[in-house]
1. Checking Phe253 against (1) assigned by TED's automatic domain parsing to the domain that holds Ile429; (2) of a type in the set (A, V, I, L, M, F, W, C); (3) buried (at least 22 other Cβ atoms within 10 Å of the Cβ), which test does it fail?
2. Identify, from the list Ala221, Ala161, Ala179, Ala210, the residue that is in a helix (DSSP H, G or I) and in contact with a Leu (Cβ under 6 Å, 6 or more places away or on another chain).
3. Answer yes or no as to whether Leu213 is at pLDDT 80 or above, touching a helix residue (DSSP H, G or I) at 6+ places or on another chain (Cβ under 7 Å), under 23 Å from Thr60 (Cβ atoms) and hydrophobic (A, V, I, L, M, F, W, C).
4. What residue, of Ser127, Ser73, Ser95, is over 15 Å from Thr194 (Cα atoms), modelled with pLDDT of 95 or more and crowded, with 23+ Cβ neighbours inside 10 Å?
5. Residues of segment 229-260 being in contact (Cβ under 8 Å) with a residue 12 or more places away in the chain and not hydrophobic (A, V, I, L, M, F, W, C), which ones?
6. Answer yes if at least one residue in segment 265-274 is more than 30 Å from Asp389 (Cβ to Cβ), of a type in the set (D, E, K, R) and surrounded by fewer than 17 Cβ atoms within 10 Å (Cβ to Cβ), and no otherwise.
7. Mind listing just one residue for me: the one in segment 385-431 that is assigned to a helix (DSSP H, G or I) and of a type in the set (D, E, K, R) and, of those, farthest from Gly155 (Cα to Cα)?
Amino acid sequence: MTTDARSQTDFVGNDRVLFGIIFGVLAFWLFAQTTLNISPVMAEDLGVETTVMNIAVSITALFSGIFIVVMGSLADRFGRVRVVQWGFVLSIAGSLLVGFAPSGGLGGTFLMLGRILQGLSGAFIMSASLALVKAYWEGAARQRAISLWSIGSWGGSGFAALFGGLMAQNVGWRWIFFAAAALSLIGMLMVRGTPESKAETTGHYRFDLAGVLTFMVMMVALQVFATQGGEFGWTSILTIALLVTGIVFAFIFYRIETRSPHAFVDFGLFRNMTYTGATISNFLLNATAGILIVAMMLVQLAGDMTAQEAGFLTIGYAITIVAFIRVGEKLLQRFGPRKPMIWGSMIVGIAILCLMPTNLLLDTYQVLAVVGFSLFGLGLAFYATPSTDAALSALPDAQAGSGAGIYKMASSLGASFGVAISATVFTVISDGPSVQWIEGVISFIGRQDNLAVREGAFVALAINLLMVIAAIVSIMLTIPKKKPGEGDLTTQAEVATADPKAE
């Protein structure tokens, strides 16, 4: 049985600790994620193969996704401040390894080790820092803290490509990682001295090795399936084997965790419908990240735009998500989480509708794309803080780390699967003959030699719209019509999950 140890101290979260945490979040989302854009420059400078560089780009998110729940559980047991500080150490070490990677020879080894450590640092910091936000901030102060934390994650990822390109072009790509190490060091010093927060445990603790190992196999199989299935071929034996392996080990993992008294994932958390609804909708809305790759491939393949020209169409996404996240916080304080989450999801749906008219001329479509991506950022900004606050408030204090890890893992998995599904649908249709039923319903004006590409984008975007509809339905079915001042969801969660057998 566990209880929260926060009652041992009267510490209240302050901006020094909060911004120290945010620096750690930025080191991952803004600095480490720049490799998505600058990987060709890095590969040429280091003299590594493109395939090696591609693995180095994706392995960071893979390790973060695999270990984020594990680290959240360990943070609950051994201390959330301690785990955050370990995350800073890993971030500094990983960033310096990448920054000092030599050209040729050991360059690939330095790069790969550094990227793995950066991924682990994200797993340590994101789950444990959200648990600290729950532990040391309350009410409106917590909502503000979540908004600023979300600016670090959502805003950082939105500006990563632009930031990386500017840094690589003007001062050199290595300085991105030197700066990340410096930022992590500052963050570590700012968090230093914060009173420890962890769950008190009764009885002997035993590390859930069987659960962790089966979880790792499941996550690796599903992540590789989602990100590399298209490369292997979706009907190949290897791809099918990965999917089957993921499903089998998911079943084994569930069986182990539901029977183990030391499970690092408590499936009893999902008996709380608010937490479940916030996590499911978070997965689905993050899956709409697939619209980015679809729209970018569309305007380049069908409209002959360069990658840089295509990238500028998305600038409104990064700007609006940073500018309006705190508006989502104010909506949460006035209306509770349910309405802003629905409104944000609806705006994301409208954004996708703006991108779906692939039958129009390129000039018109570019205008719609700028509007659509700006609305995409606005919708996610409205959704982010209310959803995160609903999830954290629904968690019992003693399981804040593992619960926050599951919630953030939903983000990672959602984006991975969303991009994989969207890219697969787009590629399958665009590489084949034009689809007759689409031509019978929609009139494509302008060039006719790119019909299959435009049709593929239309169908892929329509699938993303279905994901938004599913997210709205999940919110409506699970998030209560709670207004500010009508009770704290935390109390409900503690009652529902304090006893694993409680209903």
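The values are calculated or read from the model by the stated rules, or taken from the named source; none is laboratory data. None of the values given here were measured: they were computed from a predicted structure. Here Cβ is always computed from backbone atoms with ideal geometry, including for glycine, and neighbour counts include all displayed protein chains.
1. Every listed condition holds for Phe253 apart from (1).
2. Sole residue among the options that is in a helix (DSSP H, G or I) and in contact with a Leu (Cβ under 6 Å, 6 or more places away or on another chain): Ala221.
3. no
4. One residue alone meets the criteria, Ser95.
5. Gly229, Gly230, Thr239, Thr245, Gly246, Tyr254, Glu257, Ser260
6. Within segment 265-274 (the criterion being more than 30 Å from Asp389 (Cβ to Cβ), of a type in the set (D, E, K, R) and surrounded by fewer than 17 Cβ atoms within 10 Å (Cβ to Cβ)), the answer is no, since none of the residues qualifies.
7. Asp397
Yes or no, residue by residue, for (1) surrounded by 14 or more Cβ atoms within 10 Å (Cβ to Cβ); (2) assigned by TED's automatic domain parsing to the domain that holds Gly24:
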residue	(1), (2)
Met188	yes, yes
Thr214	yes, no
Met218	yes, no
Leu222	yes, no
Glu231	no, no
Ile237	no, no
Arg259	no, no
